[in-house]
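Step one of this worksheet: look at the structure below.
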Amino acid sequence: MPLAHEWAVTFGRLAANHLWQSTGFAAVAVVLALALRANSARARYWLWLAASVKFLIPFSVLAAIGGQLGRWIVPAAPVARAPLAIEEIVQPFAPLQGAGVPAAVSVPAPATAGLLPVVLLAIWFCGLVAVLLCWWVRWRRVAAAVRSSTPMREGREVEALRRIQSSAYARAATFNPEGVKDSSPRRKPWETEGACAAPAGAEDGATCGPGSFAPDGAGMVSIRPMACAMGYFLTPLRGWLRRLAGVWPAIRLVSSTARLEPGVFGIFRPVLWLPAGIGDRLDDAELEAILAHELCHARRRDNLAAAVHMAVEAMFWFHPLVWWLGARLTEERERAYDEEVVRMGGEPQVYAESILKVCEFYLASPVACAAGVSGGGLKRRIESIMANRIFHKLNLAQKVLLAVAAIGAVAGPIAAGLFGQTVPPPAFEVASVKISGPPELGMLYRVTGGPGTHDPGRFHGPHMSMLAMLIRAFGVAFDQIHGPMGQTSYDIDATMPPDTTKEQFQQMFQNLLIERFHLVFHRETRNFPGYALVVDTGGPKIKEVAPDPSPVAITPEVFLQAAQGEDGFALQHGPATMFQPGPSGKWRTKYQERSMAEFVADLGGLIASSQGKGSGPGDPRPRVVDKTGLTGKYTFILEYYDAVMASAIAGLRAAPGPALPGLRAAENPGGGGGAADNQAPTAADPAGGADIFHAIRKQLGLRLDKTADVPLGVIVVESVDKTPTEN
């Protein structure tokens, strides 16, 4: 499958999942808006805005957050089939992979079917560019008008703005956050007198209000709440809410020659522009009503919300619902500020006439993120303003309904990712498992490939026992595996992505054993003998060597063709570990260019073997820690008595038949064995070989000290099939 086609298919599937989820969320918002139709338009506006923002936040993102939390909080559990229903509901357009659905079945498709996703993606991109280009042209038109405008430092407009901002403080004393109509006698905002006196000690001419109007050289209106506002608040909480209602943002007042309606331009540094000569067309009351409306836009950062929805419309231009949501957002936003202006004391008839005059003489704002006064269904707005209906507060049931909906919209997907969705376990791309045939005489079978090798994307394991497979799957030593495993050998061939890590490979192997062999196991912790390798009192007797400048990798062919050195071992170049069994259980091991860490890694097995232990699965081998402090590379030969090897030789000697290679004929005359050659040597009998503790001390100048037992995890096999399932 071409990369472009694959990417287009994946993108389309994700988009389809996201679209139906966002559409369902918007449907819930419609139901909630109907339930709040008798309440303030501000409540419905927030519902439409939430539905719009949902188009930018896929549920899959929240589910992914929940999944990440689940990996931190919830312990890993076996994959169950029950959550599959949740996954199919959340992502109905995902590829079908599950019980009874083949994962590697390919169905022939028409040649044109491969082009369809790419064509659809190209059409979507063209529509995105067209919408963005259209809005950019409109935005430049408004931006040009603002750039050509001049700051307003005096005039009727400035005085009207000052009166509105001053009266907002007095209205804050009766602030109603629910937007319910105030039944107190109506008076115009600028008719409020004596709201507050200047604080004692203030300079002459100091004023008190929600802020001070001080046009500077750039036309900036700097407004800050005054400390004396606290005198109007009965409690700190109510005081905070009322003060919040009376805070107006710092905003520039400018005049433009463009025939655009009054509006707010900008998001983070808003500019309030007025068309030149608007003061000649509106009286004071009408002008203040228009300015109050625009200040509401600036205070609520409506341009930011509008810009967010414009991004939604650009990305989902093909979806009629997003355009319908945009119309609802604008309508409820304008109606909310109509209610706010009337609630603040504006006469409904005067306010309605001011809107109609603006629509008569000026053009509407060309972009939604430059909030004006004329949008949102003008006829219905005028009817609503003149009706001056009383809006009800949100009752307890409505508040609970909105809270439950908000919590469910966020917590639901997170909970689904936390508990419901399961990540499919890693598995090999292709895996073949067969019972091995009889081994060929003289054939050396080697496991090749896998992470960290020259062929990381392919694993080949011929004649692998169940024990060997368990060691690969769990990354433990063979003495950390207990239970019945049988003696059957298997040929394993598997492929995986080349970038598969060792941990992922082990998980893949574990799942292979579970699926094909029905492996059942559990984990336990058991104690293993502990030792520390230290330097003996006389100091080390081994000498550090320089690495061979031209090492040769040891292969069976290289090893068999190598000449024999004076020490009896094959001549090798570079790091090597070679063993030489001798009669009567004497064992010689040569470590060439090896570090102490590499020596210690083998030492536990050498100790167990010398003591006649650790030769079978489950027999605990000692764990040795390097505390010598030796950091170089060393070459040395260690000779010691191996009880396991001695027992094996004794068994061979006792077997009937001809003499075996490597054993003296006199010691194996047709079956019997020399008992003297099967006796364990002592420290005083170096001819037979020393035990490994004395050998390390006398030959290497090192010492093994007993330490506390080491607790390690073990794999206990409860049951496993001898015959794998079909490939």
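The values are calculated or read from the model by the stated rules, or taken from the named source; none is laboratory data. Bear in mind that the values here come from a model prediction, so they are computed numbers and not experimental data. We place every Cβ from the backbone using ideal geometry, glycine too, and count neighbours over all the protein chains shown.
Quick notes
- Given (1) part of a strand (DSSP E or B); (2) more than 33 Å from the chain's Cα centre (by Cα), index of the condition residue 494 fails: (2)
- Residues in the stretch 284-325 that are over 16 Å from residue 375 (Cβ atoms), touching a residue at least 24 places away in the same chain (Cβ under 8 Å), of a type outside the set (A, V, I, L, M, F, W, C) and surrounded by fewer than 23 Cβ atoms within 10 Å (Cβ to Cβ): 284, 299, 301, 319.
- Lone unmet requirement of (1) touching a residue at least 12 places away in the same chain (Cβ under 8 Å); (2) surrounded by fewer than 17 Cβ atoms within 10 Å (Cβ to Cβ); (3) in a helix (DSSP H, G or I) for residue 516: (2)
- Residue match in the stretch 338-360 (condition: within 19 Å of residue 46 (Cα to Cα) and outside any helix (DSSP H, G or I)): no
- Total residues in the stretch 473-510, condition among the acidic types (Asp, Glu) and crowded, with 20+ Cβ neighbours inside 10 Å: 1
- The single residue among 637, 696 that is surrounded by 18 or more Cβ atoms within 10 Å (Cβ to Cβ), modelled with pLDDT of 85 or more and on the phi < 0 side of the Ramachandran plot turns out to be 696.
- Residue 610 surrounded by fewer than 18 Cβ atoms within 10 Å (Cβ to Cβ), among the polar types (S, T, N, Q) and in contact (Cβ under 8 Å) with a residue 24 or more places away in the chain: no
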